[in-house]
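Step one of this worksheet: look at the structure below.
Please treat every number below as a calculation from the coordinates, not as lab data. This one's a predicted model, so the numbers in the text were calculated from it and none came from an experiment. In this analysis, Cβ positions are derived from the backbone assuming ideal geometry, glycine residues included, and neighbour counts consider all displayed protein chains.
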Amino acid sequence: MEKKELHYIHSFAEYVDQFIKLLIDYSPKLISALIILFIGLYVIRLVNRLVRKIMVKREIDATLSAFLADSLLWAMRFLLFITFISKLGIETSSFVAILGAIGLAVGLSLQGSLSNFAGGVLIILFKPFKVGDSIEAQGVAGTVSEIQIFVTKLVTGNNQTIFVPNGILSNGVITNFSLGKNRRANLLFNISYDTNIKTAKEIVMQVLENHPKVLKTPAPNVAVNLLTDAAIQLAIQPWSKNADFGQMCSDVLEECKEAFDKAGIVIQPFVKEASKN
């Protein structure tokens, strides 16, 4: 029993000696690899900050600058990681081959995400819209609050956040209401057939001319849009600045209603905004 215990102790001591010897032999590589790692991370942070400052100074689009800075950051980290494991003595060629196989498998399983990534790149490069624009796409409308790599974040008028995948967004129809400085409304009023059309148009034009948010140029327009079975449909087409559009539409509808009531013009039970062009 004592001999076995002595044998175990002797074997353990040999293992410890071999481990210490291996650690001493390997420590220069480990220390140098760790030094490269920490210095590399510090340099990467400095370079990333410098790149961001340069892009801000050159007034590059915020979304594009963030995308480029993040891409550069991860590329530098990947190169640093390859350098680190190479310094440790690990064969990089086999590691890269394994990493490539893993990347292929992940890519095949994430085809939808890759499509969204490609869509995000296209949106950032070709800029059909930017942060702060009001857009309508894929059946939803809102203000663009953030363009991420895979999704675009929209905030609706009632403060709901909608995430639209960039893949379908870049391949679909996008209506950008903010590209032009001005925007025209197309408001419809149904009035009784007993109404004098000329008088109704004059009343509406007076409302539009007196409203401070209705632009004089381009000039507003009032025209008969349609003669339905039950009413005369007037199209009221005022222009306003993008920022004033919603308030202007609301004010014009309200003031036209009040003016029609004073003039004794009967409004049929149908009032809506036909389009947002």
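Dimensions of the stretch 128-257 from C-alpha coordinates, computed as largest minus smallest value along each principal axis and given longest first, are 57, 34, 23 Å. Each of 260, 163 was scored by other Cβ atoms within 10 Å of its Cβ. Listed from fewest to most, they are 163, 260. Rounded to two decimals, the Cα-based Rg/Rh of the stretch 182-275, with Kirkwood Rh, is 0.94. Counting other Cβ atoms within 10 Å as a rough exposure proxy, the listed residues 256, 249 run 249, 256 from fewest neighbours to most.
Between residue 266 and residue 179, full extension at 0.36 nm per residue minus the direct alpha carbon distance yields a gain of 27.5 nm. Taking 30 Å as the limit for the C-alpha separation, the pairs 57/87; 181/257; 53/153 exceed it in the case of 57/87. Proximity of backbone amide H atoms, modeled 1.01 Å from N, is registered between residue 178 and 134 at under 5 Å, excluding neighbours fewer than 5 places apart on the same chain. A crude spin-label estimate for the pair residue 117 and residue 226, with each label 7 Å from Cα along the Cβ direction, gives 4.8 nm.
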